Amino acid sequence: MRAFNYEGTEYRSMAECCKTLNISYQKVRRLCRHYKRAHDDPAQAVRWCLGVDKLSHLEPRTPQYAQDLVKSYDRQEKFKDRIYQKFVESF
């Protein structure tokens, strides 16, 4: 990932920033993947995670957001099928 500034400190990566600020790297990464402003400026995702700024439901999304929704739905359906098969086999 590219370097960015947050509150005057330059971080070489999101992982370094998240470790320093004790926030979830996965959450920041997901915000950067799903929202355009965070994708352009990772510091925005950090501000959202820390509660400095509020994340609006009107925030513009990236194309990866739609892809992730489809993948999530597919994983959920596979899980349901697997659970149903285990249930049927138990009888």
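Quick look at the values:
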read-out: Heavy-atom surface of the chain, accessible at 1.4 Å and reported per residue (Å²); value: 76 Å²
read-out: At R0 = 22 Å, FRET efficiency that the Cβ-Cβ distance of D74 and S24 yields, to 0.05; value: 0.35
read-out: For Y35, distant residues with modelled amide H under 5 Å away; value: T62
read-out: Helix-only CD estimate at 222 nm, as mean residue ellipticity for the chain, using -39500 (n - 2.57) per DSSP H run (n ≥ 4); value: -20000 deg cm²/dmol
read-out: Additional length obtainable on full extension of the chain from Q67 to S90, 0.36 nm per residue less Cα span; value: 4.8 nm
read-out: Of the chymotrypsin sites (Phe, Trp or Tyr not before Pro) in region 5-60, those whose Cβ has at most 11 other Cβ within 10 Å and which sit in DSSP loop; value: none
read-out: Range of Cα positions in region 28-68 per principal axis (Å), largest first; value: 28, 18, 15
read-out: Protein accessible area in the chain, 1.4 Å probe - carbon and sulfur %; value: 52 percent
read-out: Dipole moment magnitude, nearest 20 debye, the chain about Cα centre, only Lys, Arg, Asp, Glu C-beta charged; value: 180 debye
read-out: Y6 long-range amide H proximity, modeled H, under 5 Å; value: Y11
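The values are calculated or read from the model by the stated rules, or taken from the named source; none is laboratory data. Note that the coordinates shown come from a computational prediction; the quantities given were computed from them, not determined experimentally. Positions of Cβ are backbone-derived with ideal geometry, glycine not excepted, and every protein chain shown enters the neighbour counts. Protein only, heavy atoms only, side chains kept; ligands, DNA and RNA dropped before computing areas. Shrake-Rupley method; radii C 1.70, N 1.55, O 1.52, S 1.80 Å.
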